[in-house]
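I have placed the structure first, in the form of C-alpha cells, so that the comments after it can refer back to it.
Nothing in this text is a laboratory measurement; each read-out follows from the coordinates by a stated rule. Quick caveat, the model's predicted, so the values are computed rather than measured. A quick note on method: Cβ atoms are made from the backbone with ideal geometry, for glycine too, and the neighbour counts reach across all protein chains shown.
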Amino acid sequence: MAMVRERERVARGGARQRLTVRDWADAALAAMGEGGLAAVAVEPLAARLGTTKGSFYWHFANRDALIEAALERWEESRTEAVIAELANEPDPGARLRRLFQRATRRAAEDPLEVSLLASASDPRVAAVLARVTGRRIGHIASLFAELGFPEDEARRRGLLAYTAYLGHTQLSHAVPGTLPAGDDRDRHLDAMLETLLRPAGTTGTSPDVREMSPDLQVSESAAERG
C-alpha cells in the first residue's frame, strides 16, 4: 500500500513521527496482503513503521484489536469510500463501468483481497467478508435497478457481476497471463458489462456503458493512478 511505503521511507530517513490507529491499521493490511493473518505481528510492524512496541500498546490492547481495526479500515476504504467517490457520476451505466475499472485494477495490483478470501475460515475475517460482500452486491444491484431492471433481476445481475469480479481478481494473481492488459483489458470489461446489461431473452446490443463526461474521465484516471 502506497501510504505504508511512504511511512517506511520516512522511517528509514530517521524522522520520528507520531503514528495513529490508521497508520497501524494500514501497516497491518499491507502485512496481510503479503502473508495473511499470520504476518500481522507487533514487532515486525513496529520496525516497518520505524517505531517501538510502545506506540502499538498506546493504541491497542492486543493483536486482536489491531486485526479488528485493520479489517474495519479495509471495509471502509475499499467499499464505502469507493461507493462515495463514484456517487457524483449521474449515469448508472457509466458508474458501473467506472466501478469495475477501478475495482479490478486495484485488486490486480494489491493481493490483499485474495489474501482475505483465503483467510475466510477465521471468524473475524468471515464476518467482515460477509458484510462487505452483502454491501457490494447490494450496491451493484441498485445500479442495475437504476438502469430499469426489476428488483429480482437487478439482484440476480448484481450477484453475477460480483462473481465475475471475484473471478477476475483470483485470475489476476493466480494466472495473470490469462487476462488481457491495456486497451484490451478495457474492451474485455466493456464486453462483460454489455452482456450483463443485455435484456433477458435478447441477443441485441445493450446500453453503452463507455460514455462519461470529459471532466469525470480525467478525475477517474487520476483516481486510478492514485
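Observations, loosely collected:
- Contour excess over end-to-end distance, with Cα ends at E76 and S142 and 0.36 nm allotted per residue: 21.8 nm
- If R0 equals 30 Å, the separation of the Cβ atoms of N88 and E34 corresponds to a calculated FRET efficiency of about 0.35.
- Rounded D (µm²/s) - the range 96-167, Kirkwood Rh over Cα pairs, Stokes-Einstein at 37 °C, 0.692 mPa s: 253
- Considering the range 18-85, its Cα convex hull presents a mean projected area of 4.6 nm².
- Modelled label positions at T195 and A127, each set 7 Å beyond Cα in the direction of Cβ, lie 3.7 nm from each other.
- Between K53 and H188, the distance separating the two model label sites (each 7 Å from Cα on the Cα→Cβ line) works out to 4.6 nm.
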